[in-house]
Amino acid sequence: MNEKANAASGMAVEDNCKLKFLELKKRTHRFIIFRIDGQQVVVEKLGSPQETYEDFSASLPADECRYAVFDFDFTTNENCQKSKIFFIAWSPDSSRDEDVYASSKDRFKRELDGIQVELQATDPSEMSFDIIKSRAL
């Protein structure tokens, strides 16, 4: 792990985070939920390829921040099958750890090469399936 790069934000990124993200890009996982544990970002949950967007949404805690990536499959208006990788910064209004997540987000996101769409959500309505689909098209 490159300690010098991590010193800038004070937040380390566990190697497993990047490893699981590479696996997601190869379609091994549908989603990954990350949390900050002490001074590092760690993998909290992996979603299998069979899991849905509803499964993913239900995995986010109601009152704690998380980072998440979701591999979204969709059909374009021209009837083409596509997928886009979303980075979602989940930051509910009731959370107490918002500042830590906000200050580390950009650095963490840079570690994940291949993010196509970024979304910030403070409440489930801001990351509804319809919003995700409209951002993907």
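Among the residues of the range 46-66, which ones are surrounded by 13 or more Cβ atoms within 10 Å (Cβ to Cβ) and either among the β-branched types (Val, Ile, Thr) or farther than 16 Å from PHE86 by Cα (or both)? Quick ask: steps written out before the conclusion?
Within the range 46-66, the first condition is being surrounded by 13 or more Cβ atoms within 10 Å (Cβ to Cβ), and the residues that meet it are 46-47, 51, 53, 55-57, 59-61, 64-66.
Listed by number, the residues that qualify are PRO61, GLU64, CYS65.
Among the candidates VAL42, VAL69, VAL100, which residue alone is among the β-branched types (Val, Ile, Thr), surrounded by fewer than 18 Cβ atoms within 10 Å (Cβ to Cβ) and not in a helix (DSSP H, G or I)? Steps first, answer last, please.
Details: VAL69 fails: surrounded by fewer than 18 Cβ atoms within 10 Å (Cβ to Cβ); VAL100 fails: not in a helix (DSSP H, G or I).
Sole residue among the options that is among the β-branched types (Val, Ile, Thr), surrounded by fewer than 18 Cβ atoms within 10 Å (Cβ to Cβ) and not in a helix (DSSP H, G or I): VAL42.
When you go through (1) at pLDDT below 95; (2) over 24 Å from ILE131 (Cβ atoms); (3) of a type outside the set (S, T, N, Q) one by one for LEU22, which number turns out not to apply?
In the conditions (1) at pLDDT below 95; (2) over 24 Å from ILE131 (Cβ atoms); (3) of a type outside the set (S, T, N, Q), LEU22 misses (1) alone.
The values are calculated or read from the model by the stated rules, or taken from the named source; none is laboratory data. Just so we're clear, the structure is a prediction, and the values are computed from it rather than from any experiment. Note that we place each Cβ from the backbone using ideal geometry, even for glycine, and neighbour counts take in every protein chain shown.
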